[in-house]
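Data block below; observations after.
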Amino acid sequence: MKIKGLTAGLTFIILMIGGIAISVAAGYWATESSKEPVRYETGDFAGEYNPADIRGSYSFEDIENAFAIPVDTLAAAFGLSSEENPVAIQIKLFEDTFGIIDGMEIGTDSMRYFVSLYKGLPYTPEVTTALPRPAIAILRKEGALTEEELAIAEERAVTLDDYMGETVLTETEDHDETELAEVKGKTTFADLYDWGLTVEQVETVLQMAAGPRTQTVRDFCTENQIEFSTVKEPLQELLDSM
């Protein structure tokens, strides 16, 4: 009887291990949660990733991998360009970081909505879902929106200044709010957008198309033979008036 019991036990273990091996080979066994959103099953977008399945545990890097939106663009859209390691920022931290702004909320659904607008994918956000103003500026310049769609998105725009919560997404050096909104030699175009200026405002001051988001305004002026001070002062005036 002992031999039969031992044999039965060994048989069970062998079958269990074999079942796991088959599942792994077939792709059904996973030790970690998937960071790959579901795809649209029908319609014009069948086969493409559905932003409605973006979860709070997703990082900016996960979003980039799934939807081909650069991490730098995501960070700029949500006012986080200064973060030292934006690829690791998780979407679920938005709610604690930004909180409720003017009755609207920047949370996981904000990322879903932004991705859908940027990629031109269908998605209906929640009534209280907000978008940061820098995100609107990016959508105006880089997104696949009509003027009507952009106008609808702008109705959900909120300003991030003075609404940052106590949660720190990644460790960064503390800065004074006045310093953050001061145009200096190291100020990039992304900084200007993060502080609330639109692409149109910046380009009106420059009287030409703005440079890449990561380029400093000073370097742009040097390349285009523009006196930096003639650009710095009106940009600062725009920021001070906000």
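The values are calculated or read from the model by the stated rules, or taken from the named source; none is laboratory data. Everything numeric in this text was worked out from a predicted model, so none of it was measured. Glycine gets a Cβ as well: all are built from the backbone with ideal geometry, and neighbour counts include every protein chain shown. The protein model used for the area step is the full one, side chains on, heavy atoms only, and it has no ligands, DNA or RNA in it. Shrake-Rupley method; radii C 1.70, N 1.55, O 1.52, S 1.80 Å.
Data table
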| item | result |
| --- | --- |
| Given (1) in the same structural domain as PRO132 (by the TED database); (2) modelled with pLDDT under 85, index of the condition GLN215 fails | (1) |
| Search result, residues across region 152-162 that are part of a helix (DSSP H, G or I) and farther than 22 Å from ALA210 by Cα | ILE152, ALA153 |
| Residue that is modelled with the lowest pLDDT, among those in region 47-65 that are farther than 23 Å from TYR193 by Cβ and of a type in the set (S, T, N, Q) | SER57 |
| Residues of region 192-242 satisfying the condition of being without any contact (Cβ under 8 Å) to a residue 24 or more places away in the chain, crowded, with 18+ Cβ neighbours inside 10 Å and assigned to a helix (DSSP H, G or I) | CYS221 |
| Out of ALA130, ALA144, ALA151, sole residue that is more than 16 Å from PHE60 (Cβ to Cβ) and surrounded by 21 or more Cβ atoms within 10 Å (Cβ to Cβ) | ALA130 |
| Residue among ILE101, ILE106 that is in contact (Cβ under 8 Å) with a residue 12 or more places away in the chain, within 20 Å of ILE54 (Cα to Cα) and of a type in the set (Val, Ile, Thr) | ILE106 |
| Options ALA68, ALA144, ALA130; residue that is modelled with pLDDT under 90 and within 24 Å of PHE189 (Cβ to Cβ) | ALA144 |
| Verdict on GLU173 being within 30 Å of PHE228 (Cα to Cα), modelled with pLDDT under 65 and part of a helix (DSSP H, G or I) | no |
| Qualifying residue in region 71-84 (condition: of a type outside the set (A, V, I, L, M), in contact (Cβ under 8 Å) with a residue 60 or more places away in the chain, within 17 Å of LEU160 (Cα to Cα) and open to solvent by 50 Å² or more (accessible area, probe 1.4 Å)) | yes |
| Residue count for region 100-122, restricted to those that are open to solvent by less than 20 Å² (accessible area, probe 1.4 Å) and at pLDDT below 90 | 1 |
